[in-house]
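For reference, the structure is listed below as structure tokens.
The values are calculated or read from the model by the stated rules, or taken from the named source; none is laboratory data. Just so you know, these numbers come straight off a predicted model, no measurement behind them. Ideal geometry is used to build each Cβ from the backbone, glycine not excepted, and the neighbour counts take in all protein chains shown. With ligands, DNA and RNA removed, areas are computed over all heavy atoms of the protein, side chains included. Shrake-Rupley method; radii C 1.70, N 1.55, O 1.52, S 1.80 Å.
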Number of protein chains: 2
Amino acid sequence: MKNDTKNISIHDLQSNEPSYLETIFSLANGHFGIRASDPIANSSTAGTLVNGFYETSDITYGEVAYGYAKKNQTIVKLPDLRNIKFVDDQQRAFDQSQLISESLDFETGLLNSTYKISNPDGKSFELNLQAVLQQSNDEVIGLRYTIKPVDYFGKVVGIKHFNTDSATQKSDDPRKSRTVDTLTYAKKTIDGQQELIEVTTKYSQMSLAMAMSVSTGLEQVFSLQPNQTVTFDVIGLVSKINGILDLDNLPKFEEILKDSTDFWQEFWQNSDIEISGDDSLNQAIHYNLFQLVSSTGRDGKTNIPAKGLSGTGYEGHYFWDTEMYMSPFFAYTNPEIAKNLIKYRYSVLDESKKRARTLGVKEGALFSWRTINGQEASAYYPAGTAQYHIDADIAYAIDRYYKVTDDKEFMKNYGLELVLETARFWKNFGSYSEIHCKKRFCFFDVTGPDEYTALVNNNYYTNRMAKFNLLFAVDLIDEFPKKAKELGVSAKERDQMANIAAAIFLPYDQIKGINQQDDSSFKKPVWPFETTPKENYPLLLHYHPLTIYRYQVNKQADTLLADFLFDDISHDQLVKEYDYYEKITTHDSSLSRSIFSALAARIGLKQKAYDYFMATAKTDLIDLQGNSADGLHVANLGGSWLTIVSGFGGLRVKDGLLTIDNHLPDQWDKLAIRIKYQGRLLEIVYRKDATEIHIIHGEPLPIKVDGIEETFK
Amino acid sequence: MKNDTKNISIHDLQSNEPSYLETIFSLANGHFGIRASDPIANSSTAGTLVNGFYETSDITYGEVAYGYAKKNQTIVKLPDLRNIKFVDDQQRAFDQSQLISESLDFETGLLNSTYKISNPDGKSFELNLQAVLQQSNDEVIGLRYTIKPVDYFGKVVGIKHFNTDSATQKSDDPRKSRTVDTLTYAKKTIDGQQELIEVTTKYSQMSLAMAMSVSTGLEQVFSLQPNQTVTFDVIGLVSKINGILDLDNLPKFEEILKDSTDFWQEFWQNSDIEISGDDSLNQAIHYNLFQLVSSTGRDGKTNIPAKGLSGTGYEGHYFWDTEMYMSPFFAYTNPEIAKNLIKYRYSVLDESKKRARTLGVKEGALFSWRTINGQEASAYYPAGTAQYHIDADIAYAIDRYYKVTDDKEFMKNYGLELVLETARFWKNFGSYSEIHCKKRFCFFDVTGPDEYTALVNNNYYTNRMAKFNLLFAVDLIDEFPKKAKELGVSAKERDQMANIAAAIFLPYDQIKGINQQDDSSFKKPVWPFETTPKENYPLLLHYHPLTIYRYQVNKQADTLLADFLFDDISHDQLVKEYDYYEKITTHDSSLSRSIFSALAARIGLKQKAYDYFMATAKTDLIDLQGNSADGLHVANLGGSWLTIVSGFGGLRVKDGLLTIDNHLPDQWDKLAIRIKYQGRLLEIVYRKDATEIHIIHGEPLPIKVDGIEETFK
């Protein structure tokens, strides 16, 4: 039976703006993505994006200084594989098109679009285009064009070539992408049926091949007759970076669809979420998960671009979003992908060691704030490089993966080294200072997650995360002593790390009884919210950074994010802390509300938890930020899972035990989630008055459910 | 009798590098400056600079944000008036030149340069070029070319035209200038004797005219004969910005020389300094004062570019250097100039009010950190706009001017309003916060003078200066109640300013017993000086700002500058404070050592005072920073006067009384200085065991000399 919440169509959307639809209906398989272009419209925003395929250019500064990021890395928009040209019996192009219907099926991965296509006389036919990406061999896409006459009859020529003219749009908005006009294309046609292009970037010196194969011919003539349809398939290919393509033995469209359907079937088997009581929400969540996994590099060499492979926004860069907002989903549902996301970080470890040296830190690694190739590409260090916490965020993701999978082999080969090098960074980056007559370990001039506060001392989040990072390193050194020794760890270094972790200063305000965002935050005046007009949000577009920084105002969860991650403060303190920080948070970052929702659920603020969640669950489907046309807010896709599972579902690993608390919103009848845990597949069903655990595959497991530990079978 | 320390020649210099000599021997009169080019060499760095004549261009940021400075303002290098072409009897240019001698006379303002000029056969003549700027009509320069054959005899054509080909050199060094290639020139020749060009900038839409008049003809033929010389004069003109030129009734060379000589005679009469015991030092000081006054705009519309009119470094921008390092000299010797420097600030007051609004401050004015036209041109706000202290620096200069001149008329028409609008800025920019259980007025996210520490809270210098600024405003409101009321001051506002001034927080460390640079500075680790190789200075060229900012390390005097200006802490504290901050100061700024020297003199650290002074007194003459070729370090020229007079001479106005302390270095026999004070001209002579006061003109005056108040006649 067809699941109505596992597909989406234009009728579910409020906007039909073409570039917005290109994003929403984009397809991807972690390797490449294709925006859902009108195939005859030559949209300037349409095209193909390959994960990790970028061009570089010099970053220009008003005033440059030592150690600044030197090169932009910009994801390259490649030709659109959907594009086609139709010519009528008078050699005139069919140049008008109108979208009639479009729908995407999350159970098969099939995108189905129908257009009315007209010639200059207004005579038309209907074009149905089906598109589906292969998932097992991620270089392949199947496209099926079906043509049905409306009032045009007679000869049509269908012409399928790569259009290499379109260029990425130019923009000053840092959230968008910059122009890339330094590509070279070499084109080759084989037997009139296949076209191959090799794309080479000038400065980053990368290349790849794209191809399409049309067994009926790249330029085919057919005749439209009443009550007849014409159908032909195009098999598209996008090689790996610096790879080549094999144009023989291409799969058929049906095989690609089968492959995709198998993939999605298994995906939902392991990852499904069902909310009873709100179909539209359920649909949004399914959409989010569908697009999240589509966006994610799975090869250990790539990661998750901030806009997935659905748009060039943020230039295709990878941020901490991966570790904090997206990898939780993968760790609990598709741990192989979570592992490969960490392997990507391992692949840029050497680059990150160099970056630490550039920042004057003599040991360890500092991961770049925004990057594809591991080199820093953030041109504004106060909200870029200064967010040192990315190091500990990576360590945290490794810990989560390890807890959920118990994958010792991976820890020995990759995890330990990453945790060690990030811990070494903290050890050398920080320093002892006397605070309240005690020697405390401090970190100066750092920026936490909240980008409305920059270059502060002892940011609580950063310090708490660094403490965790060091303690985790110590644990792993103890667990893998041989490997640790190979990595140069001495007993002295281990103890040093333990001592530093114990001495790390965590700002706490005695009077308020809550953790303080940083050493000075509570001294600053609170932002004048009451006199700030609504149209002045987001603040960053209407106030100088110096204005924003000198007030207590948060763009997103900062101290509260640490509370969410560590679950280590009392309920009373959490209530106070939540209340305090909520009042000064604008949620101008799309990463904010999911954490506020999850914490509200934990505190028992049910309505608040629900409202925050609902405000972001459909971020892209309602174009909440107004810029979904540039690409999906992928971190938010992951954030919605996080809120449901960690917030409403209260799921986490605590004291070595899978722990679940039922915080089901009143608005829902039932919530069912599927997760993997240490080789098992579990279904957890939250009802208003009960929580059920089903172990679908695997051994019995002790779980703490709503405060009571029990072994489930 | 010729004063040997009032001139300089190439023999006094260690470098004969042409672009360095162009700077050292540059001439200026506040309106325009001319670099001392080799007249036939077409040097790319030679040319004419007009104070305040700039082109704009867009500032490009790696990542832009609201309120950032939008436009570069770049002083324009205009054609070189010294340039000439000589052609031999075979139509070949004399294309070789060799500098034989060059000397500049500080008593007449005459620059005398002699070159050996050769044709391709190596046959040569000697060219003597005398150049002198008119000072009373500052649009005029006289140039006298005298030609004496060596071994070339016969026909020579002398061709004098404006060469508009040379462009400002391109550079990435922020201390240098950017390329300007958006000028348009319109050229006109009159009667073969005069050439006029109109220069227009494309974006800033400014224009001016330059002209030269050669009564013997722009292209003149003469014949060189043994034992004969040929002499001709060129009268050059540089109009005011957007002005026109009158080419009739031009002065003769001798008249210009007379005008210049009169000017310098009066200048030395009022401003002389004589050090007995070190002629080379004396010469350096005279050079400094000569170039300082040459560099300074005197029309109330212009100011002092950081490199004077001697080079395009720092793009011809005006900084706080004016108020803190240069205007003291003028206040005490040429108060009319000091007044006009303040009037320039008044001319950009409206622009500065707008800037305050952009920074989210709803009242008052914020002066731009670096600017020509009043708009912010600093592309790095942490060491630009965040240096809010410039507002109080301007107020301080007004106070100094007022104390020294008692010019009530000026205060009523300009001073009060400037002090009021800056005080209003502080009032609205800061906020009350509880510190040690008291309500204190604080300033957050500011940068003090020390650019190795940025975006801190309660920078001592900034807070101390703001306190002064507010108190000064209150005093002036009380003194000029009617005018204050016209400017919208209510009794409530006055009291609010007084209350805020009293509540301003001044960080003080109880344990160390000294003022703390900012709220957190003493928590940070001290820079690892012992492991920093010598070649890694200046630090800013070898470490990321984030690295520098997280340590205790100072580029220049910061807290100590406040101590120097206010003289308000105990001797014991000053000794401790000096010792502490000296240890963490690199003096990577050329503004640093003069303050360390003056304070050392005040403390009684005689050798230290002497050493610091000697290290900078000859900054440009020994090319200490290696970049004098880009222009003079004008603030340092003023700093050397400040050190001598305020440091060794202990001169200041304290409690309404001119106060003098004799801190004569052991190395000197005698120091004589001349200053003006409230309408009087004084000479103060410091000897090893005595201080003499001579009132050359004017009424008797009570002065506190070496602790004893006495009325001098």
Residue by residue through the stretch B:44-70, note down the ones that are open to solvent by 10 Å² or more (accessible area, probe 1.4 Å), part of a loop (DSSP other than H, G, I, E, B) and away from every other protein chain (no Cβ under 14 Å).
B:44, B:45
Count, please, the residues in the stretch A:312-331 that happen to be at pLDDT 95 or above and either touching a helix residue (DSSP H, G or I) at 6+ places or on another chain (Cβ under 6 Å) or within 22 Å of residue A:564 (Cα to Cα) (or both).
13
Does residue A:453 count as within 12 Å of chain B (Cβ to nearest Cβ), hydroxyl-bearing (Ser, Thr, Tyr) and loosely packed, with under 15 Cβ neighbours inside 10 Å?
no
Look at residue B:299 and say whether it is in a loop (DSSP other than H, G, I, E, B), open to solvent by 30 Å² or more (accessible area, probe 1.4 Å) and without any contact (Cβ under 8 Å) to a residue 60 or more places away in the chain.
no
In this structure, does residue A:642 turn out to be closer than 16 Å to residue A:594 by Cβ and at pLDDT below 95?
no
Residues in the stretch B:196-221 that are in a strand (DSSP E or B) and either in contact (Cβ under 8 Å) with a residue 60 or more places away in the chain or in contact with a Phe, Trp or Tyr (Cβ under 6 Å, 6 or more places away or on another chain) (or both) total 9
With respect to residue B:615, determine if the residue is out of contact with any strand residue (DSSP E or B) (no Cβ under 6 Å at 6 or more places or on another chain) and either among the basic types (Lys, Arg) or open to solvent by less than 20 Å² (accessible area, probe 1.4 Å) (or both).
no
Condition met for residue A:464 (free of Cβ contacts under 8 Å to residues at least 60 places away in the same chain, in a helix (DSSP H, G or I) and not aliphatic (A, V, I, L, M)):
no
Failed item in (1) surrounded by fewer than 23 Cβ atoms within 10 Å (Cβ to Cβ); (2) on the phi < 0 side of the Ramachandran plot; (3) out of contact with any Cys (no Cβ under 6 Å at 6 or more places or on another chain), with residue A:437 passing the rest
(2)
Condition (residue is within 20 Å of residue A:595 (Cα to Cα), out of contact with any Lys or Arg (no Cβ under 8 Å at 6 or more places or on another chain) and in a helix (DSSP H, G or I)) applied to the stretch A:472-491: is it met by at least one residue?
no
Lone unmet requirement of (1) in a helix (DSSP H, G or I); (2) within 11 Å of chain A (Cβ to nearest Cβ); (3) closer than 24 Å to residue B:474 by Cβ for residue B:382
(3)
For residue A:567, work out the one condition from (1) touching a residue at least 40 places away in the same chain (Cβ under 8 Å); (2) buried (at least 20 other Cβ atoms within 10 Å of the Cβ) it doesn't fulfil.
(2)
Test result for residue A:623, among the acidic types (Asp, Glu) and surrounded by 20 or more Cβ atoms within 10 Å (Cβ to Cβ):
no
Quick test of your reading of the structure: residue B:420 fulfils all but one of (1) open to solvent by less than 10 Å² (accessible area, probe 1.4 Å); (2) more than 14 Å from chain A (Cβ to nearest Cβ); (3) touching a Lys or Arg at 6+ places or on another chain (Cβ under 6 Å). Name the failing condition by number.
(3)
Top-ranked residue of the stretch B:8-43 - restricted to ones that are assigned to a strand (DSSP E or B) and not polar (S, T, N, Q), ranked as farthest from residue B:305 (Cα to Cα):
B:8
For the stretch B:634-660, which positions are assigned to a helix (DSSP H, G or I) and not hydrophobic (A, V, I, L, M, F, W, C)?
B:636, B:638, B:639, B:640, B:643, B:646, B:647
Go through the stretch B:528-562 and give me each residue that's at the interface with chain A (Cβ under 10 Å from one of its Cβ atoms) and either hydrophobic (A, V, I, L, M, F, W, C) or touching a Leu at 6+ places or on another chain (Cβ under 8 Å) (or both).
B:539, B:540, B:541, B:544, B:546, B:547, B:548, B:549
Filter the stretch A:392-442 for residues that are touching a residue at least 60 places away in the same chain (Cβ under 8 Å) and assigned to a loop (DSSP other than H, G, I, E, B) and give the result.
A:406, A:407, A:430
Any idea which of A:425, A:429, A:443 is more than 10 Å from chain B (Cβ to nearest Cβ) and not β-branched (Val, Ile, Thr)?
A:425
Could you tell me whether residue A:663 is surrounded by fewer than 17 Cβ atoms within 10 Å (Cβ to Cβ), more than 19 Å from the chain's Cα centre (by Cα) and either part of a helix (DSSP H, G or I) or at pLDDT 95 or above (or both)?
no
Out of the stretch A:332-354, which residues are open to solvent by less than 40 Å² (accessible area, probe 1.4 Å) and small (Gly, Ala, Ser)?
A:338, A:352
Is it true that some residue in the stretch A:347-364 is among the β-branched types (Val, Ile, Thr), away from chain B (no Cβ under 14 Å), part of a helix (DSSP H, G or I) and farther than 26 Å from residue B:64 by Cα?
no
Regarding residue B:304, is this residue crowded, with 22+ Cβ neighbours inside 10 Å and part of a loop (DSSP other than H, G, I, E, B)?
yes
Take the residues in the stretch B:366-379 that are over 18 Å from residue B:442 (Cα atoms) and in contact with a Leu (Cβ under 9 Å, 6 or more places away or on another chain), then tell me which one is nearest to the other protein chains (Cβ to nearest Cβ).
B:376
Listed residues B:460, B:414; which is modelled with pLDDT of 95 or more, more than 14 Å from chain A (Cβ to nearest Cβ), under 29 Å from the mean Cα position of the chain (by Cα) and closer than 26 Å to residue A:552 by Cβ?
B:460
Tally time: how many residues in the stretch A:205-241 are under 31 Å from the mean Cα position of the chain (by Cα) and under 19 Å from residue A:29 (Cβ atoms)?
13
Screening B:570, B:592 for residues that are touching a strand residue (DSSP E or B) at 6+ places or on another chain (Cβ under 8 Å) and more than 14 Å from chain A (Cβ to nearest Cβ) leaves only B:592
